[in-house]
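Beneath this line is the structure, given in structure tokens, with notes to follow.
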Amino acid sequence: MDPSTSNSHPQSTIFAKTLHKVKTARNPGFCLLIPPPEKEKFGGFSEMQKQTYEASAAAAFIAKLFASVSAFKAAYAELQLAQFPYDAAGVQLSDQLLVDELKSISELKQSFLKKQIDFSSPHVTLMLAEIQEQQSLMKTYEITIRKLRMELESMDARVYSLRERLDEENRKLDAVGAISLNYSPSKLTPKGFIFVLNYCLRSVRCFAKLLIREMEQANWDVQSAAHLLHPNTVFLKRNHLVFVFESFICREIFSGFNDTLFWYDNDSPTQESLLNDENVMEFLKKYSRSSSSSSSSFGKFLKCKYLDLIHPKMEFSFFGNLNQRKMVDSGEFPETEFFEAFSEMGRRVWVLNCLALRFDDPITPFQVRRNTRFSEVYMESVTGDVVGSDLKVAFTVVPGFKMGNTVVQSKVFLLNGGDGSPHAPPTFVR
């Protein structure tokens, strides 16, 4: 027999078997040759081939498990979305998907425990599992985007509502101010000064809250910052922290009140110029940030107080730059929410001092030292918790004012016990 004939016979047999597999394949789109799935048919493979095949089957099983878990997470996310707002059909559909995925995971668990892992077509199983996992991830991301959009719409609606309320309150405040601030010199009384003082302190509270908000957005530890300003002070409620920053603001903004430090040049109003029919509301309009020149006394007042109150490191932490400080230092007024709130506060303090100049008797601010025993004659607790007979002052929030024989109480934050000095009048600070 010809050797070439004997050698070609096995090759033709292998080729015929391969051709038969291609013809009988279920999917006519492509040809994927897969080893026999049954373990007992591994006899025709080497040991290396067996290990490779089993590793592929294990990888396909794990991929299928992770795909089922991702599908379960997507179904759960969809169930949460259907609950708020409540969608009965959506909840029922998501619930059924959750049950189906739990059954699928349970079946995989049982097949693993019983060592009945499907060894057929591991490459196809792996590919399908990856596709399923990617689809589940995309579905989860789409649900997350829908939830974020709903939250954004809700926040926009809340912002709009709060702005409406703020506008309404401002309209009421302007209406009250236009009526109550119209004092003539003959009717000027301490009651009018107290009204304007409260009008001023509302802007101080607003700026203090804005300052805390900026601190929180800049990831400051607000409580630690408060304890740096007033150490060894206990704050029973978190909303009491605002009093610390009000104290800091009042200390700076009222510094030099009723003194030459408040006036910088000859264009400042004198007592004689104030004693006419011009009322305080007209001063509020005159000394506004938008209408005042940076070279005017009021403009210089804003500049001085801003540079004293807002530290460069604080501004850089809030905004990532010192642009506002540079503008203020060069005589410009930034058109930002932060400086707008500051300038409104400065405008009201300026007007309060203008009103103080209209009194015959000088108006002197005072503060209360720490550990001074609380006295209702000179002080008022900002928290309203005046219980006990041995109360001590932690710090002054708003200075008091002495007008002849009349005293406007200072607003103080009280300590929780501790040794204090004997009862004594507060120290007057010019």
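The values are calculated or read from the model by the stated rules, or taken from the named source; none is laboratory data. As the structure is a computational prediction, the values presented were derived from the model and not from experiment. Here the Cβ is made from the backbone with ideal geometry for all residues, glycine too, and neighbour counts use every protein chain on show. In case anyone asks, the SASA skips ligands and DNA or RNA and just uses the protein heavy atoms, side chains included. Shrake-Rupley method; radii C 1.70, N 1.55, O 1.52, S 1.80 Å.
Some observations on this one:
- Residue within segment 55-74 that is at pLDDT 80 or above and either of a type in the set (S, T, N, Q) or touching a strand residue (DSSP E or B) at 6+ places or on another chain (Cβ under 6 Å) (or both) present: yes
- In this structure, N405 qualifies as of a type in the set (S, T, N, Q) and over 34 Å from the mean Cα position of the chain (by Cα).
- Within segment 206-221, tally of residues that are surrounded by fewer than 17 Cβ atoms within 10 Å (Cβ to Cβ), closer than 22 Å to S410 by Cα and in contact (Cβ under 8 Å) with a residue 40 or more places away in the chain: 1
- Members of segment 340-349 that are surrounded by fewer than 19 Cβ atoms within 10 Å (Cβ to Cβ) and over 25 Å from Q217 (Cβ atoms): none
- So K313, is it at pLDDT 85 or above and over 26 Å from the mean Cα position of the chain (by Cα): no
- Being touching a helix residue (DSSP H, G or I) at 6+ places or on another chain (Cβ under 8 Å), surrounded by 13 or more Cβ atoms within 10 Å (Cβ to Cβ) and either of a type in the set (F, W, Y) or not in a helix (DSSP H, G or I) (or both) is true of I117.
- Residues located in segment 299-339, provided they are open to solvent by 30 Å² or more (accessible area, probe 1.4 Å) and among the polar types (S, T, N, Q): S317, N321, N323, S330, T336
- The set of residues from segment 188-246 being farther than 25 Å from E337 by Cβ, of a type in the set (D, E, K, R) and assigned to a loop (DSSP other than H, G, I, E, B) comprises just one member, K237.
- Pick from segment 48-64, criterion without any contact (Cβ under 8 Å) to a residue 60 or more places away in the chain and open to solvent by 50 Å² or more (accessible area, probe 1.4 Å), ranking: farthest from T140 (Cα to Cα): M48
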